[in-house]
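The values are calculated or read from the model by the stated rules, or taken from the named source; none is laboratory data. Not measured: the values here are computed from a predicted model. When we count neighbours, we look across all protein chains shown, and the Cβ atoms used for this are built from the backbone with ideal geometry, even at glycine.
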């Protein structure tokens, strides 16, 4: 770690922990802890629960789980191509980036570029490319830093081979769609989820991309209709019984 252990007992949240804990894993851990504690009713316990001593202890446990027991976080497994990015998972928004307008004169009338996100599983971060549906949610404030997103059916835009999770941060992007992304509860556990996320028709938009899983109820089943495939025929469609009669008549006429 980048700070002296003898000082960890005297430092707390108010002494700029982002400078005291500069690694990506420690930084995202501090952000996650701040968001979860800030939204709970235990604000009086923040100076105790949010100390650097606790950060060291949890980081040591994380190191043992990740390197000793091979329990890697989902973003690291995705970047190393050991897990599919389409798995249902919950990540939180670590940062929101708004690209500036293009300086190319030929693109002065082009629409402004969509924002993109930094998502984290609590330890590692990954850049995320979003569609127009999610971009509207960002611009209207529905998606903010600290919010947790339930994601499924994502795609990874990277090389053909896996890479180290820290080195691949600027070289890869997770592509997510609005119809396969929803808000997760603030207390939801980060990482891969055991059950898939089910979308409803009321939550879908025409520019929200693909839908991974949707729960529908069949209210009415219509019989199969038959009609001429050639042009110039304006006869109304007919049902299966009429089709059998016409088929039998065609077979008989074909014999003679």
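Restricted to the stretch 180-206, and to residues that are under 18 Å from residue 134 (Cβ atoms) and touching a strand residue (DSSP E or B) at 6+ places or on another chain (Cβ under 6 Å), which residue is modelled with the lowest pLDDT? Working first, answer last.
First, the residues of the stretch 180-206 that are under 18 Å from residue 134 (Cβ atoms): 180-184, 197, 199-200, 202-206.
Among the residues that remain, those that are also touching a strand residue (DSSP E or B) at 6+ places or on another chain (Cβ under 6 Å) are: 181-182, 184, 197, 199.
Details: 181: 94, 182: 92, 184: 93, 197: 91, 199: 87.
If we take residues in the stretch 180-206 being under 18 Å from residue 134 (Cβ atoms) and touching a strand residue (DSSP E or B) at 6+ places or on another chain (Cβ under 6 Å), then 199 is modelled with the lowest pLDDT.
Any residue at all in the stretch 223-231 that is out of contact with any helix residue (DSSP H, G or I) (no Cβ under 8 Å at 6 or more places or on another chain), without any contact (Cβ under 8 Å) to a residue 12 or more places away in the chain and within 22 Å of residue 119 (Cα to Cα)?
In the first step, residues of the stretch 223-231 are kept if they are out of contact with any helix residue (DSSP H, G or I) (no Cβ under 8 Å at 6 or more places or on another chain); the result is 225, 227-231.
The next check asks that each one be without any contact (Cβ under 8 Å) to a residue 12 or more places away in the chain; those that pass are 227-231.
Then drop every residue that is not within 22 Å of residue 119 (Cα to Cα), which leaves none.
No, the conditions are met nowhere in the stretch 223-231.
The one condition from (1) at pLDDT below 85; (2) surrounded by 11 or more Cβ atoms within 10 Å (Cβ to Cβ); (3) assigned by TED's automatic domain parsing to the domain that holds residue 187 that residue 111 does not meet is (2). Looking across the stretch 148-167, the residues that are under 17 Å from residue 116 (Cα atoms), surrounded by 15 or more Cβ atoms within 10 Å (Cβ to Cβ) and at pLDDT 90 or above come down to 148, 149, 150, 151, 154, 155, 156.
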